[in-house]
1. Scan segment 61-91 residue by residue and report those that are among the charged types (D, E, K, R) and modelled with pLDDT under 95.
2. Filter segment 13-41 down to the residues that are open to solvent by 80 Å² or more (accessible area, probe 1.4 Å) and of a type in the set (A, V, I, L, M, F, W, C), then identify the one that is farthest from Met99 (Cα to Cα).
3. Somewhere in segment 92-99, is a residue within 30 Å of Phe138 (Cα to Cα), surrounded by 17 or more Cβ atoms within 10 Å (Cβ to Cβ) and at pLDDT below 95?
4. For segment 43-61, give me each residue that is surrounded by 14 or more Cβ atoms within 10 Å (Cβ to Cβ) and either assigned to a loop (DSSP other than H, G, I, E, B) or among the aromatic types (Phe, Trp, Tyr) (or both).
5. Can you tell me which residue in segment 100-131 is farthest from Gly19 (Cα to Cα), limited to those that are small (Gly, Ala, Ser) and surrounded by 14 or more Cβ atoms within 10 Å (Cβ to Cβ)?
6. Go through (1) surrounded by 15 or more Cβ atoms within 10 Å (Cβ to Cβ); (2) within 16 Å of Leu37 (Cα to Cα) one by one and return the number of the condition Thr85 breaks.
7. Across segment 24-42, what is the total count of residues that are assigned to a strand (DSSP E or B) and under 13 Å from Arg127 (Cα atoms)?
Amino acid sequence: MPSDERERFLADPRIGVLGVIDARGGRAPLLVPVWYLYEPGGEVVIETGRESIKAQFLHAAGRFSLCAQDESRPYRYVSVEGPVTSVTDPVDSAAREAMARRYLDPAEADAYLAATSAQLEEDVTFRMRPQHWRTANFAAFAADFADQATGG
């Protein structure tokens, strides 16, 4: 994908899969679904519990990956990897609200934010600057495949 397309794709509301090295060694990286924020040209923002295994591994590794995909045809994905640029402790309340509003409708977001207000003291915000991008857009492949299937 061209850089502007991949950045718009990542900026759309999708569930991301965070990948971070398992600091215990001898194990595969930790991979977990997360909500995230991203604006083209900016940083990837995620939140997690201060005492969570994710936070421990993120602090130890100092970097992480995030992959977002479109599960409908034609399949596409964007994966970014880079260093943690900052940790906000406690959580950045504005980012937390923006994330809730990104993934939930307005009434659900209000209810979620009220029900999870304790997370304002329990969570931390990690920001990552994308350094490496991996992308795929199978639209061209799907069109070629469709043409072959229909004899076109």
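The values are calculated or read from the model by the stated rules, or taken from the named source; none is laboratory data. None of these values were measured; they are calculated from a predicted model. Heads up, the Cβs are rebuilt from the backbone with ideal geometry, glycines too, and the neighbour counts pull from every protein chain shown. Heavy atoms of the whole protein, side chains included, go into the accessibility calculation; ligands, DNA and RNA do not. Shrake-Rupley method; radii C 1.70, N 1.55, O 1.52, S 1.80 Å.
1. Of segment 61-91, the ones among the charged types (D, E, K, R) are 63, 70-71, 73, 76, 81, 89.
Answer for segment 61-91, where residues must be among the charged types (D, E, K, R) and modelled with pLDDT under 95: Asp70, Glu71, Arg73, Arg76.
2. Checked segment 13-41; the qualifying residue farthest from Met99 (Cα to Cα) is Ile21.
3. No, that holds for no residue.
4. Answer for segment 43-61, where residues must be surrounded by 14 or more Cβ atoms within 10 Å (Cβ to Cβ) and either assigned to a loop (DSSP other than H, G, I, E, B) or among the aromatic types (Phe, Trp, Tyr) (or both): Glu43, Arg50, Ser52, Phe57.
5. Initially, segment 100-131 is screened for residues small (Gly, Ala, Ser), giving 100, 107, 109, 111, 114-115, 117-118.
Subset that is surrounded by 14 or more Cβ atoms within 10 Å (Cβ to Cβ): 100, 109.
Values: Ala100: 21, Ala109: 26 Å.
My answer is Ala109.
6. Going through (1) surrounded by 15 or more Cβ atoms within 10 Å (Cβ to Cβ); (2) within 16 Å of Leu37 (Cα to Cα) one by one, Thr85 breaks only (1).
7. Here is the first cut: in segment 24-42, the ones assigned to a strand (DSSP E or B) are 30-34, 37.
Checking which are under 13 Å from Arg127 (Cα atoms) leaves us with 37.
Looking only at that region, the number is 1.
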